[in-house]
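Inspection log for the structure reproduced underneath, given as structure tokens.
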Amino acid sequence: MTPEKLIELAKEAMTHAYAPYSGYKVGAALLCADGTVYGGCNIENASFSPTNCAERTAFFKAVYDGHRDFTAIAIVGGKDGIITGAFPPCGVCRQVMREFCRDDFVIYMGSKGETYQSVTLAEILPFSFSASEHMN
Ligand code: THU
């Protein structure tokens, strides 16, 4: 699975977004260690706080299906689904990644055209709290 292909799948996932309040459509494609890919979109709510981000939608679908080992995630997003730059994951989504992923988990953020940026979970969530801390 190439980063470009995973970003394409995230763009397809973005078309499923339910974002009547912010207008920001977001898509994610989560690559499991066995090669399975789960799509996710943001799902907003009139009460705002129940809103679920695209990344967490993808993770929760995958975990429900029994996956616990993940390699990478691609994320795209923008106002009205128009991608103008990278769409970095929010803090809550980073913490959900931390629950299931190692430091070398890769986050691809699709940008304009075919360009993208990539970072590891360790880079975007340093000095983090994880399961190993509260299980000691
Ligand atoms: N959003 C995501 O889907 N992922 C993120 O990591 C950040 C924010 C969504 C939530 C909301 O529907 C919209 O983007 C604007 O905040």
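Only the coordinates and a few stated rules stand behind these numbers; no lab work does. Everything numeric in this text was worked out from a predicted model, so none of it was measured. When we count neighbours, we look across all protein chains shown, and the Cβ atoms used for this are built from the backbone with ideal geometry, even at glycine.
Here region 12-136 is described by how far its Cα atoms reach on the three principal axes: 44, 35, 28 Å, from widest to narrowest. Toward the positive end of the charge dipole of the chain, with +1 on the Cβ of Lys and Arg and -1 on the Cβ of Asp and Glu, the farthest Cα among Ile75, Ala131, Ala46 is that of Ala46. Modelled spin-label separation between Lys61 and Arg102, with each label point placed 7 Å from Cα along the Cα-to-Cβ direction: 2.6 nm. Across all C-alpha atoms in region 60-118, the radius of gyration and Dmax reach 12.7, 35 Å.
When the chain is treated as a GNM with alpha-carbon contacts under 10 Å, the residue of Arg68, Arg94, Arg56 showing the greatest mean-square fluctuation is Arg68. A simple charge model with +1 on the Cβ of Lys and Arg, -1 on the Cβ of Asp and Glu and nothing else charged puts the dipole of region 81-122 at about 100 debye relative to its Cα centre.
Placing +1 on the Cβ of every Lys and Arg and -1 on the Cβ of every Asp and Glu, with nothing else charged, gives region 43-107 a dipole about its Cα centre of roughly 80 debye. Taking the inverse of the mean 1/r over every pair of distinct Cα atoms in region 1-52 gives a Kirkwood hydrodynamic radius of 11.6 Å.
Relative contact order for the chain: 21 percent, from Cα pairs under 8 Å spaced at least 6 residues apart, divided by residue count. Placing a pseudo-label 7 Å from each Cα along the Cα-to-Cβ vector at Ser132 and Arg68 gives an inter-label distance of 1.6 nm.
Antiparallel DSSP bridges in region 32-136: what percent, to the nearest 5?
65 percent
Relative to one another, the C-alpha centroids of region 73-103 and region 1-62 are positioned 9 Å apart.
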